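One structure is given here, and the rest of the page talks about it.
The values are calculated or read from the model by the stated rules, or taken from the named source; none is laboratory data. Nothing here was measured: the structure is a model prediction, and the numbers come from that model. Don't worry about glycine lacking a Cβ; one is built from the backbone with ideal geometry, like all the others, and counts go over all protein chains shown. Just so you know, the surface numbers come from the protein's heavy atoms only, side chains and all, with ligands and any DNA or RNA stripped out. Shrake-Rupley method; radii C 1.70, N 1.55, O 1.52, S 1.80 Å.
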Number of protein chains: 2
Amino acid sequence: MKSPALRVPKSRSPRKPKGQGAERREEILDAAQGLFAQKGVHAVSTRQIAEIAGISQPALYAYFATKDDIAAELCVRAFAILAERMAAARVGYTPTPENFERCLRVYIDFGLDHPDAYRVAFMLEKSVDGSFLEKTGGRPMIAGKEVFAVFVEMVGELHARGLMAGDDVMAATQSLWAGLHGLVSLLIARPEFPWIDREPLIATHVAMLRRGALK
Amino acid sequence: MKSPALRVPKSRSPRKPKGQGAERREEILDAAQGLFAQKGVHAVSTRQIAEIAGISQPALYAYFATKDDIAAELCVRAFAILAERMAAARVGYTPTPENFERCLRVYIDFGLDHPDAYRVAFMLEKSVDGSFLEKTGGRPMIAGKEVFAVFVEMVGELHARGLMAGDDVMAATQSLWAGLHGLVSLLIARPEFPWIDREPLIATHVAMLRRGALK
DNA sequence: GTGATAAGTTATCAGTGATTGGCGACGCTG
DNA sequence: CAGCGTCGCCAATCACTGATAACTTATCAC
């Protein structure tokens with residue numbers, strides 16, 4: 001007879017018996033991060049994540065309630081990076097047009113560096129029942145709002161110095177954010193479009209937004 | 001004995017035996033249009049579409065190769081409407097800032113009037129293999145490019161009259177398009193965000209884009 | 001009638017996200 | 001060291017998805 005204890009029915013990442021709580025969670029997040037970045041969030045299955053993480057698919061649910069929760073966690077972490085970058089861009093900040101442009105670029109660069117986090121946060125489809133935002137308690141959205149708050153502050157300072165074109169700070173900020181988001185999201189969602197070179201495009205866009213928002 | 005011919009295993013739209021080719025297709029599109037608008041594209045199943053259309057689920061595949069093809073068809077039709085509207089906005093057009101703003105508003109209004117078509121065209125997730133765009137032969141994208149071409153033309157005219165801020169027409173057009181897309185897509189994807197009133201927001205945005213793009 | 005065609009059906013497939021029940025190794029008492 | 005409880009994990013499974021195959025029915029030309 002064959003050896004009855006011959007397990008491993010399919011080849012798998014060879015470290016099934018490991019993982020103490022916390023680090024397994026990180027391994028799952030790492031696996032998901034890679035797959036999401038490569039294939040896009042909703043083209044990745046929980047089984048693929050589990051296989052790369054070296055565990056079975058149900059084991060995921062010991063660490064995350066849903067697949068969307070995994071995406072949400074990655075998203076929140078990515079936004080922590082964005083918040084950090086924007087804070088760094090405001091170190092020794094004085095509200096000048098040059099610094100203004102610099103902050104806009106920080107936002108754009110972040111979106112292009114973390115397209116999947118950006119997608120999860122701002123580009124995912126809504127749906128009436130069981131939406132992603134409801135399932136995840138809107139955590140990515142909340143993280144995004146904190147970043148938005150930095151913009152409000154920044155525009156407020158410029159307005160106080162009489163540099164803004166209009167008088168409605170909130171309107172100007174939302175419009176500005178929309179302008180930034182448009183470029184980032186289109187570059188992410190439509191990479192096959194015949195864009196001009198990226199750097200001059202970003203430069204043109206940032207300059208346009210500055211002219212449009214400032215006096 | 002019960003009547004043996006008691007069909008109708010589940011209550012259904014009571015017109016199974018009908019449908020001559022062409023009109024069935026329209027019924028399917030109508031059903032899908034309504035469901036997509038209500039729940040979002042990827043939260044709607046083919047079975048739901050079929051039930052509302054009054055046919056069985058496999059019968060869909062006699063008219064459309066895939067579910068995405070249904071969305072693509074709706075998208076192309078919606079873009080026909082946008083192209084029509086933009087053509088109408090250019091009747092007797094002279095390249096003035098006022099007419100420029102009017103065309104921007106046509107684009108924004110279209111996106112907000114047809115959020116699902118807009119989502120399919122510009123906001124759907126890419127994926128490496130089996131992407132929506134590949135499956136549908138990029139038809140929605142092509143329809144979108146025609147609209148983009150109108151923008152190029154428009155910006156070109158303004159540039160010829162020396163009204164544009166920069167000298168690179170293509171860069172200015174792509175930046176402008178991104179600016180418009182940003183507002184439309186954010187309003188669609190994040191309706192729960194604490195936006196200011198829509199009309200002043202649109203007015204602010206259009207004014208900002210005009211200041212940014214024109215001299 | 002008869003064969004061919006078109007349209008729609010039931011039955012089914014592989015793959016998805018998520019749940020259940022039990023197995024086995026660990027750490028703690030005694 | 002025996003016993004036991006707990007926890008991490010996995011095989012099996014569920015309901016559902018998009019899509020396909022094979023069969024049945026209605027219609028029409030001849």
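Points worth noting:
- Scope region A:60-78; condition more than 16 Å from A:Leu124 (Cα to Cα), more than 13 Å from DNA strand D (Cβ to nearest atom) and assigned to a helix (DSSP H, G or I); matching residues: A:Arg77
- Members of region B:203-215 that are facing chain A (nearest Cβ under 7 Å) and not aliphatic (A, V, I, L, M): B:Thr204, B:His205, B:Arg211, B:Gly212
- Among the residues of region B:169-181, the one identified as surrounded by fewer than 20 Cβ atoms within 10 Å (Cβ to Cβ) and either within 7 Å of chain A (Cβ to nearest Cβ) or in contact (Cβ under 8 Å) with a residue 40 or more places away in the chain (or both) is B:Met170.
- Selection within region A:79-97 - over 26 Å from A:Leu214 (Cβ atoms) and either within 16 Å of DNA strand C (Cβ to nearest atom) or not in a helix (DSSP H, G or I) (or both): none
- Some residue of region B:142-156 being closer than 26 Å to B:Tyr93 by Cβ, open to solvent by 60 Å² or more (accessible area, probe 1.4 Å), among the small types (Gly, Ala, Ser) and at pLDDT 90 or above: no
- Residue-level analysis places A:Ile28 outside the set of residues that are within 15 Å of DNA strand D (Cβ to nearest atom), at pLDDT 80 or above and assigned to a loop (DSSP other than H, G, I, E, B).
- Screening B:Val184 on (1) among the aliphatic types (A, V, I, L, M); (2) facing another protein chain (nearest Cβ under 7 Å); (3) in contact with a Phe, Trp or Tyr (Cβ under 8 Å, 6 or more places away or on another chain) shows it passes everything except condition (2).
- Of all the numbered requirements in (1) open to solvent by less than 50 Å² (accessible area, probe 1.4 Å); (2) at pLDDT 95 or above, A:Thr66 misses one, and that requirement is (2).
- First in region B:140-155 and not assigned by TED's automatic domain parsing to the domain that holds B:Ala172, second anywhere and charged (D, E, K, R) and surrounded by fewer than 20 Cβ atoms within 10 Å (Cβ to Cβ), Cβ under 6 Å, 6 or more apart: none
- Residue count for region B:28-55, restricted to those that are open to solvent by 60 Å² or more (accessible area, probe 1.4 Å), touching a residue at least 12 places away in the same chain (Cβ under 8 Å) and over 29 Å from B:Lys145 (Cβ atoms): 3
- Residue under evaluation A:Pro200, criteria (1) out of contact with any Asp or Glu (no Cβ under 9 Å at 6 or more places or on another chain); (2) facing chain B (nearest Cβ under 8 Å), criterion not met: (1)
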